[in-house]
Amino acid sequence: MAEGLRERKKRQTRQHLSDVATGLFLARGFDAVTIAEVARAADVSVNTVYNYFPTKEDLFLDRSRGIVDRLSRYVRGRDKGESAADAVLRELRVQVEGVSPTVGLMEGYERFMWVIENADGLKARLWHVQQEALLHLEATLLEESGAEPGDRTPVLVAGQLSWVHSTLMAYIGGEMVAGRGAAEVSRDALVLLDDVEDLLGEKVLNYARRAAE
């Protein structure tokens with residue numbers, strides 16, 4: 001269905017608030033900026049900000065929902081003959097090779113990481129996002145594998161695939177903060193993914209393989 005006028009205006013307002021807040025956070029740091037300052041800069045009321053973003057952390061991590069279901073989407077969208085790990089590794093390689101902002105390969109990412117590293121509230125929120133993503137992936141693997149209730153394998157495989165993703169993101173973040181260019185980091189990150197795949201056991205690599213027929 002086509003987006004209605006009201007929905008479009010709400011989406012645009014939400015994006016405007018996020019953009020204004022992010023600019024302030026990047027310039028001054030997360031803890032130094034108040035919701036009232038965001039509201040003034042965006043020319044809206046404080047209540048309007050809270051209507052769209054219940055917490056200040058939501059303003060900066062407004063795309064966390066995409067992180068929560070990222071690995072689950074990859075698993076559900078795996079091709080015929082692909083395992084869950086195959087799909088995750090393939091999608092991550094595509095994004096790294098394409099120098100995609102979704103994995104932090106973009107100009108200015110080092111400033112984004114600086115804001116997080118200097119705000120305990122953001123670090124705590126990111127930890128919760130990662131835990132939510134892990135639980136989401138566990139549920140997806142349980143469903144996609146047809147495992148019986150009580151089978152711990154989906155939990156263990158989800159932990160391994162989550163480790164792959166977090167290891168990649170930590171590496172890219174560290175290298176970008178160190179001042180390296182995105183294209184250069186991309187090349188080394190592809191090598192890292194090969195090394196990570198070599199460390200995964202056959203049971204993980206073959207788990208939840210979609211039938212070829």
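The values are calculated or read from the model by the stated rules, or taken from the named source; none is laboratory data. Computed from a predicted model, the values in this text were never measured in an experiment. Note that we place each Cβ from the backbone using ideal geometry, even for glycine, and neighbour counts take in every protein chain shown. Quick note on the areas: whole protein, heavy atoms, side chains included, nothing else; ligands and nucleic acids left out. Shrake-Rupley method; radii C 1.70, N 1.55, O 1.52, S 1.80 Å.
Figures for the structure shown
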{"read-out": "Selection status of Glu138, of a type in the set (Asp, Glu), within 20 Å of Val204 (Cα to Cα) and assigned to a helix (DSSP H, G or I)", "value": "yes"}
{"read-out": "Members of region 91-100 that are open to solvent by 30 Å² or more (accessible area, probe 1.4 Å) and either of a type outside the set (A, V, I, L, M, F, W, C) or in a loop (DSSP other than H, G, I, E, B) (or both)", "value": "Glu91, Arg93, Glu97, Gly98, Val99"}
{"read-out": "Any chance Arg65 is at pLDDT below 90, of a type in the set (Lys, Arg) and assigned to a helix (DSSP H, G or I)", "value": "yes"}
{"read-out": "Breaking point among (1) in a loop (DSSP other than H, G, I, E, B); (2) modelled with pLDDT of 95 or more; (3) open to solvent by 50 Å² or more (accessible area, probe 1.4 Å); (4) not basic (Lys, Arg), for Ala208", "value": "(3)"}
{"read-out": "Region 141-161, subset assigned to a loop (DSSP other than H, G, I, E, B) and not aliphatic (A, V, I, L, M), residue surrounded by the most Cβ atoms within 10 Å (Cβ to Cβ)", "value": "Asp151"}
{"read-out": "Flag for Val129 being in contact with a helix residue (DSSP H, G or I) (Cβ under 7 Å, 6 or more places away or on another chain), in contact (Cβ under 8 Å) with a residue 12 or more places away in the chain and part of a helix (DSSP H, G or I)", "value": "yes"}
{"read-out": "Residue identified as in contact with a helix residue (DSSP H, G or I) (Cβ under 6 Å, 6 or more places away or on another chain), farther than 29 Å from Ala189 by Cβ, modelled with pLDDT of 95 or more and in a helix (DSSP H, G or I) among Val33, Val75, Val38, Val88", "value": "Val38"}
{"read-out": "Qualifying residue in region 187-204 (condition: outside any helix (DSSP H, G or I), more than 22 Å from Tyr74 (Cα to Cα) and either open to solvent by 50 Å² or more (accessible area, probe 1.4 Å) or modelled with pLDDT of 95 or more (or both))", "value": "no"}
{"read-out": "Flag for Val164 being open to solvent by less than 70 Å² (accessible area, probe 1.4 Å), in contact with a helix residue (DSSP H, G or I) (Cβ under 9 Å, 6 or more places away or on another chain) and either more than 18 Å from Gly66 (Cβ to Cβ) or not in a helix (DSSP H, G or I) (or both)", "value": "no"}
{"read-out": "Residue identified as farther than 26 Å from Leu161 by Cβ, surrounded by fewer than 16 Cβ atoms within 10 Å (Cβ to Cβ) and of a type in the set (D, E, K, R) among Asp31, Asp58, Asp79", "value": "Asp31"}
{"read-out": "Residue within region 109-120 that is open to solvent by less than 70 Å² (accessible area, probe 1.4 Å), part of a helix (DSSP H, G or I) and modelled with pLDDT of 95 or more present", "value": "no"}
{"read-out": "Check on Leu71, open to solvent by less than 50 Å² (accessible area, probe 1.4 Å), within 23 Å of Asp120 (Cβ to Cβ) and touching a residue at least 24 places away in the same chain (Cβ under 8 Å)", "value": "no"}
